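*Asks:* Got a structure for you, questions after.
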Protein chains: 2
Amino acid sequence: MILEKEIQFILALDALKSVNRRNFNLDDSRRENTAEHSWQIVVFAQVLLPYAKEKDQIDLLRVIRMLSIHDVVEIEAGDTFIFDESAMTGKYERELAAAKKTFGILDEPLSSEFLNLWIEFEAEETPDAIFACAVDRIMPFVLNVYGSAKSWTEADVKVNQVENIVGKAVKRASEEMGEAFDILLKKALDEGKLVE
Amino acid sequence: MILEKEIQFILALDALKSVNRRNFNLDDSRRENTAEHSWQIVVFAQVLLPYAKEKDQIDLLRVIRMLSIHDVVEIEAGDTFIFDESAMTGKYERELAAAKKTFGILDEPLSSEFLNLWIEFEAEETPDAIFACAVDRIMPFVLNVYGSAKSWTEADVKVNQVENIVGKAVKRASEEMGEAFDILLKKALDEGKLVE
């Protein structure tokens, strides 16, 4: 049938609605799933772009495309909690295999386009990927600061872990996002949501 | 605080993760929420663009931006089942007020940019909006055809309703999407998922 591969691809992606992240929704009713998270960062990128250091070199369409598919690998490889160091071992290889499998449902050139966007995002080297990565990292941080931070407290996440993994990526991309990060990190610490 | 409005906006949008649509996820485990749906059509648009009739006049970034925020109004106005004619009365006015309120959290120019994208999407007149609308309509149709179509059968949705509301929008945007629609509509009818 015409559009068979396109339809099989989008049906395969439906599984992301059932991949739960560690993070909770703002109202703490449940953990967010990866599909919801991907949508929220697609919107947040549009709002934060004016504050990106290299905004004149950033292609918002490429950033949004990256963000919309960067977690598709979790269908095959599952979500890995970013502060769980042991689980992070071998993550790239697992996810690269998953990316090839899922994007491989599609014909060229779309299959390689998505795979290359995924690889670029993971490498965090281009202006697009640096900004996209900062948006991806600051989103759950903001939800934790304004929610009850259950995903942090249940795992005893430490201030320096958040500084290393969220703060550095955010500050590399934007001074204003970095300033907001510092203010909110202090607020989280004051409220006992993170341990020293 | 710097980024205060941007953060308040994205926190307000978190509520979309709790707005349930009539439609079910492919695995029928639960109704999908509007945040997930918005993500899925952002991806589907990227895959379907090569088949758009007016693809040379379509700006994929604008399409994706429209799709990512077109349902934000449901935070205030709720989801309206597209086949429920009585509930559709007054929908535009309710949603326009909601759009102004939610996008109004942001400063200009972003506030008006989002509002204008929302208005353009609803009007279904520009090449970008016609294509975006087709993607938005075909997504739940595909999930119903490949799932158990609970949202159709529980409301006794008729073939001609789907033809009028989904089929017309899809055929206006793309011949190939229209062909796939016809094949899948027949499949749904054969399987008793729709009534004559």
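*Asks:* A:R30: accessible area at probe 1.4 Å, nearest 10 Å²?
*Replies:* 80
*Asks:* If you average 1/r across every pair of different Cα atoms in the protein assembly as shown and take the reciprocal, what Kirkwood value do you get, in Å?
*Replies:* Details: mean 1/r = 0.0465 Å⁻¹.
That comes to 21.5 Å for the protein assembly as shown.
*Asks:* Let me ask something else. From the label point of B:G78, set 7 Å from Cα along Cα→Cβ, how far away are the matching label points in the other copies, in nm, ordered shortest to longest?
*Replies:* Inter-copy label distances (nm, one decimal, shortest first): 4.0.
*Asks:* Separate question: With a point put 7 Å past each Cα toward its Cβ, work out how far A:E93 is from A:D56 in nm, to one decimal.
*Replies:* Each label point is offset 7 Å from its Cα along the Cβ direction, giving 4.3 nm.
*Asks:* Related question: What relative contact order, as a whole-number percentage, does the range A:4-190 give when Cα pairs under 8 Å and 6 or more residues apart are counted?
*Replies:* Numbers: 225 pairs, mean separation 48.8, N = 187.
Value for the range A:4-190: 26 percent.
*Asks:* Between B:E179 and the same site in the other copies, what are the distances in nm, shortest first, taking label points 7 Å from Cα along the C-beta direction?
*Replies:* 5.6
*Asks:* For each pair in A:K186/B:K101; A:K5/B:K171; A:K193/B:K100; A:K53/A:K101; A:K53/A:K150, compute the distance between the two Cα atoms and list the pairs where it is over 27 Å.
*Replies:* Correct reply: A:K186/B:K101; A:K193/B:K100; A:K53/A:K101; A:K53/A:K150.
*Asks:* Which whole-number value in Å² is the accessible area per residue of the range B:1-106, probe 1.4 Å?
*Replies:* It amounts to 38 Å² per residue over the range B:1-106.
*Asks:* Describe numerically, in nm with one decimal, the distance between label points set 7 Å from Cα along Cα→Cβ at B:E191 and at A:D156.
*Replies:* With each label placed 7 Å out from Cα toward Cβ, I get 5.0 nm.
*Asks:* Report Rg (one decimal) and Dmax (nearest whole number) for the range A:101-189, counting Cα atoms only, units Å.
*Replies:* Using the Cα atoms of the range A:101-189, the pair Rg, Dmax is 16.0, 49 Å.
*Asks:* Chains B and A: buried accessible surface, both sides, probe 1.4 Å, rounded to 100 Å²?
*Replies:* Values: alone 10090 and 10070 Å², together 15590 Å².
Adding both sides of the contact gives about 4600 Å².
*Asks:* Go through the range B:72-86 residue by residue and turn each phi into a ³J(HN,Hα) via Karplus (6.51, -1.76, 1.60, θ = phi - 60°); whole Hz please, and just put x for glycine and proline.
*Replies:* 4, 4, 6, 4, 8, 9, x, 8, 10, 5, 5, 9, 9, 4, 5
*Asks:* A:Y92 accessible area, nearest 10 Å², 1.4 Å probe?
*Replies:* 90
*Asks:* Sort out for me the Cα centre separation of the range A:1-48 from the range B:118-196, rounded to whole Å.
*Replies:* 21
*Asks:* Which residues, if any, in the range B:67-104 have at least 20 Å² less accessible area in the whole protein complex than in the isolated chain, probe 1.4 Å?
*Replies:* Buried on complex formation: B:S68.
*Asks:* Would you calculate a helix-derived [θ] at 222 nm for chain B, using -39,500 (n - 2.57) for each DSSP H run of n ≥ 4 and dividing by the full residue count, to the nearest 500?
*Replies:* On the way: 12 runs with 120 residues, N = 196.
Computed mean residue ellipticity for chain B: -18000 deg cm²/dmol.
*Asks:* Pop out the ³J(HN,Hα) list for the range A:51-57 in order, Karplus 6.51 cos²θ - 1.76 cosθ + 1.60 with θ = phi - 60°, rounded to Hz; leave Gly and Pro as x.
*Replies:* Per-residue couplings from phi come out as 9, 6, 4, 9, 4, 6, 9 Hz.
*Asks:* At a probe radius of 1.4 Å, what is the per-residue accessible area of A:E93, in Å² to the nearest 10?
*Replies:* The accessible area comes out at roughly 120 Å².
*Asks:* Using a 1.4 angstrom probe on the protein heavy atoms only, could you order A:S29, B:S111, A:S112 from most to least accessible area?
*Replies:* From most exposed to least exposed: A:S29, A:S112, B:S111.
*Asks:* Oh, and also: With θ set to phi - 60° and the Karplus curve 6.51 cos²θ - 1.76 cosθ + 1.60, what are the ³J(HN,Hα) couplings of the range A:33-40 in order, to the nearest whole Hz, using x for Gly and Pro?
*Replies:* For the range A:33-40, the Karplus-derived couplings read 9, 5, 5, 4, 4, 4, 5, 5 Hz, x marking Gly and Pro.
*Asks:* Another question, then. Collect residues whose amide H, placed 1.01 Å from N in the peptide plane, falls under 5 Å from the amide H of B:N33; neighbours closer than 5 in sequence don't count.
*Replies:* Amide H neighbours of B:N33, under 5 Å, 5+ apart: B:R21.
*Asks:* Just the projected area, averaged over all directions, of the convex hull on the alpha carbon atoms of the range B:155-196: how many nm²?
*Replies:* Details: hull surface 10.6 nm².
Hull-based average projected area comes out at 2.6 nm².
*Asks:* Ordering B:T34, B:T153 by how much accessible area each has at a 1.4 Å probe, largest first, what is the list?
*Replies:* B:T153, B:T34
*Asks:* Just to be sure I understand the curve: with the Debye formula and one point per C-alpha of chain B, what is log10 I(q)/I(0) at q = 0.18, 0.19 Å⁻¹?
*Replies:* The computed values of log10 I(q)/I(0) come out as -1.32, -1.44.
*Asks:* Still on this structure: Checking buried surface per residue: for the range A:11-26, which residues lose a minimum of 20 Å² accessible area in the protein assembly relative to the chain alone (1.4 Å probe)?
*Replies:* Buried by 20 Å² or more upon assembly, which counts only protein chains, are A:L11, A:L13, A:D14, A:K17, A:S18, A:N25, A:L26.
*Asks:* Quick one: with all protein chains in place, what share of the accessible area of the range A:64-196 is carbon or sulfur, to the nearest percent (1.4 Å probe)?
*Replies:* The C+S portion of the solvent-accessible surface of the range A:64-196 is 50 percent.
*Asks:* Further, regarding this structure: Roughly what would the spin-label model give for B:S148 and A:I2, points 7 Å off Cα along C-beta, in nm?
*Replies:* According to this spin-label approximation, the distance is 3.3 nm.
*Asks:* Could I ask something else about it? Could you pull the copy-to-copy label distances for B:R30, with points set 7 Å along Cα to Cβ, in nm to one decimal and sorted shortest first?
*Replies:* 0.0
*Asks:* Now for a separate question. Mind listing, in residue-number order, the residues in the range B:140-188 that have at least 50 Å² less accessible area with every protein chain present than in their own chain alone (1.4 Å probe)?
*Replies:* The answer is B:Y146.
The values are calculated or read from the model by the stated rules, or taken from the named source; none is laboratory data. Note that the structure is a prediction, hence the values are computed from the model and not measured. Cβ: placed from backbone, ideal geometry, glycine included. Neighbour counts: every protein chain shown. Side chains included, ligands, DNA and RNA excluded: accessible areas come from the protein's heavy atoms. Shrake-Rupley method; radii C 1.70, N 1.55, O 1.52, S 1.80 Å.
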